[in-house]
1. Looking at the structure I just gave you, is residue 56 modelled with pLDDT of 65 or more and open to solvent by less than 40 Å² (accessible area, probe 1.4 Å)?
2. Out of the residues in region 67-111 meeting the condition of being among the aliphatic types (A, V, I, L, M) and either touching a Cys at 6+ places or on another chain (Cβ under 6 Å) or buried (at least 16 other Cβ atoms within 10 Å of the Cβ) (or both), tell me which one is modelled with the lowest pLDDT.
3. Tally the residues that are open to solvent by less than 50 Å² (accessible area, probe 1.4 Å) and more than 17 Å from residue 113 (Cα to Cα), restricting the search to region 1-21.
4. Hey, can you tell me all the residues within region 7-21 that are closer than 18 Å to residue 90 by Cα and in a loop (DSSP other than H, G, I, E, B)?
Amino acid sequence: GAGNYRDESFMTLPEAEGTPYIKGYNDGWPSVAPPGQFTLDGGLVSDILGNMSEWLLDSYVKDAYALTPLAVQDPVNLDRSTPFRALRMTGLSLLDPWVAMRGGDTLDSWYEDVGFRCAASPAGVTKP
């Protein structure tokens, strides 16, 4: 499968009754899947779509991309005067598998499908 979403397997959960889901897709994981189940690029990148939304370092600003020059692809906002932090949202609670979808919430918020993404460069790979 392409990622962990609300699908046929999700609908086996009692709490799923009556919720929208992706018909005809079954990733085999009713809830959050273990890391490394959905890989791209021959295994170098995994679990990008679905499964979990992730907290970002940035403070959340609703129109961050509109307020940033076009040359900047990933605006970073470290303004800590706001209690809101940015989230990259692709978790089980969403039906649209968009990696670029951003939202925000306060750090004392808790959701089953929000966490942190850990990343490391593979051995021998350096930045260009």
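The values are calculated or read from the model by the stated rules, or taken from the named source; none is laboratory data. These numbers come from a predicted model, not from an experiment. Ideal geometry is used to build each Cβ from the backbone, glycine not excepted, and the neighbour counts take in all protein chains shown. Only protein heavy atoms, including side chains, enter the accessible area calculation; ligands, DNA and RNA are left aside. Shrake-Rupley method; radii C 1.70, N 1.55, O 1.52, S 1.80 Å.
1. Judged against the criteria, residue 56 is a match.
2. 94
3. Qualifying residue count, region 1-21: 0.
4. Selection gives 7, 8, 9, 19, 20, 21.
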